[in-house]
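The values are calculated or read from the model by the stated rules, or taken from the named source; none is laboratory data. The model shown is predicted, which means the values in this text are computed figures rather than measured ones. Don't worry about glycine lacking a Cβ; one is built from the backbone with ideal geometry, like all the others, and counts go over all protein chains shown. Just so you know, the surface numbers come from the protein's heavy atoms only, side chains and all, with ligands and any DNA or RNA stripped out. Shrake-Rupley method; radii C 1.70, N 1.55, O 1.52, S 1.80 Å.
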Amino acid sequence: MLQATKYIMLLVLVISTTSIAANELASNKYDDMPKLKRHYVQKIDSALLSLNAKKFDSAYEKLSNTARWGHKESQFYLSTMYLQGQGTEQDVAKAWVWLNLALEQRNTDWVTMKKRLAKYIPENSQQALEKEIEVYRSKYGAKAKGLVCRATKVVGSNRLEERCEHKWTL
């Protein structure tokens, strides 16, 4: 209960004091998406390796970049870092926004996380964040980044999940 209260208070504070989109979208330092697929994959792999090695400052910086390229897995892991305060200050509102953006890919594990997190965020706060989610979606969403989303089989399962990927011309 104390943890839930902490999340709610933090969320209300963030919503009432700043627009999270205004701060992040003003920066152009994230416009460095590689033109070659292999360089793109290397950058994402590097971000995920930093996260797995618990090098949170490095992982946060790299995932912030790759998430802005539209990479859904990066968006998901960035949301968990905001939620847990790893490599950045804990920010439940940003975690919620990035998680909802990642869910354009419709991963069942991520949907489960959203349902669990939603229990600790009041409905009116979730609704207040919808505008921020749409701002992020217009900049970093699948459509904005030209991603192709399609159902693919999960390895080792008959289950289908949607994957969103860049169309590479080179």
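A compact table of results
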{"item": "Rounded FRET efficiency, nearest 0.05, which uses the C-beta distance separating N52 from A151 and R0 of 22 Å", "result": "0.20"}
{"item": "Packing-based order for 59-66, 45-52, 92-99, using average beta carbon neighbours within 10 Å, highest first", "result": "92-99, 59-66, 45-52"}
{"item": "Cubic angstrom per residue, convex hull over Cα atoms of region 103-170", "result": "97"}
{"item": "Simple spin-label estimate for A144 and R159 in nanometres, 7 Å along Cα-Cβ", "result": "2.9"}
{"item": "Spacing of the two label points (7 Å from each Cα toward its C-beta) at R106 and Q84, in nm", "result": "2.8"}
{"item": "Accessible surface, per residue, of region 40-119 when the full set of protein chains is kept, probe 1.4 Å, Å²", "result": "43"}
{"item": "Too-long pairs where the Cα-Cα distance tops 21 Å, listed order kept, from K72/K143; K55/K139; K35/K143; K55/K115", "result": "K55/K139; K55/K115"}
{"item": "Most positive-pole-ward Cα, F76, Y120, N107, against dipole of region 64-146 from beta carbon charges", "result": "N107"}
